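**Student:** One structure follows; several queries about it will come next.
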């Protein structure tokens with residue numbers, strides 16, 4: 001896929017991302033409602049983080065910066081997992097208090113008695129998204145210095161020639177991967193909104209309830 005075609009295909013994704021940014025406003029309004037609770041601080045901060053990541057990934061997609069797109073996809077998955085942790089914490093009040101005090105989410109246990117490390121959160125979230133582990137592992141290759149960096153900077157050109165690309169625009173062959181990154185980011189933004197919608201509906205349903213026991217639909 002050449003870059004001209006990439007930009008045409010990207011415009012559709014960017015339009016969707018613009019829509020998602022607007023949706024974030026209504027989600028935030030629903031979370032806060034008429035009364036602000038401690039839990040709302042957790043969920044709105046997660047939402048704000050995702051909007052910031054959304055703005056960042058738009059810029060990186062336009063710049064065709066694959067490394068940063070991969071990192072941002074992985075970071076958005078991380079946000080989804082931590083939002084999900086609030087749903088499976090047996091003592092939501094203790095979880096929220098600990099989070100606001102700076103404790104690691106991995107120090108808390110889920111409602112099955114397991115510490116909520118990334119692997120636990122990822123595996124449990126597979127109940128709602130079957131592909132999360134695969135995308136998590138692929139995008140983690142951009143977080144850590146791995147073989148992904150090698151294949152992004154070196155290209156075999158035939159006749160035993162190797163082309164190095166250091167600080168240059170990425171090859172057009174990677175345009176499809178960039179679009180996959182855009183689709184993945186949109187997907188995990190929608191997954192987060194799906195989780196947060198359960199919070200909105202729970203707050204609407206119970207009014208002044210001090211905890212959110214809703215499940216993602």
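Each reported figure results from applying straightforward, stated rules to the coordinates on display, with no laboratory input. Remember, it's a predicted structure, so these values are computed and weren't measured experimentally. Positions of Cβ are backbone-derived with ideal geometry, glycine not excepted, and every protein chain shown enters the neighbour counts.
**Student:** Given R₀ = 35 Å, FRET efficiency for residue 67-residue 123 by Cβ-Cβ distance, to 0.05?
**Tutor:** After rounding to 0.05, the efficiency reads 0.85.
**Student:** Which order do 17, 96 fall in if you start with the one that has the fewest other Cβ atoms within 10 Å?
**Tutor:** In increasing order of surrounding Cβ atoms, one gets 17, 96.
**Student:** Right, here's the next one. Which value, in Å³ per residue, describes the convex hull spanned by the Cα atoms of the stretch 1-103?
**Tutor:** Each residue corresponds to 106 Å³ of Cα convex hull volume.
**Student:** Turning to a different aspect of this structure: Provide the three semi-axes, in whole Å and in decreasing order, of the ellipsoid equivalent to the stretch 76-122 as defined by the square roots of 5 times the Cα gyration tensor eigenvalues.
**Tutor:** Largest first, the stretch 76-122 gives 15, 13, 9 Å.
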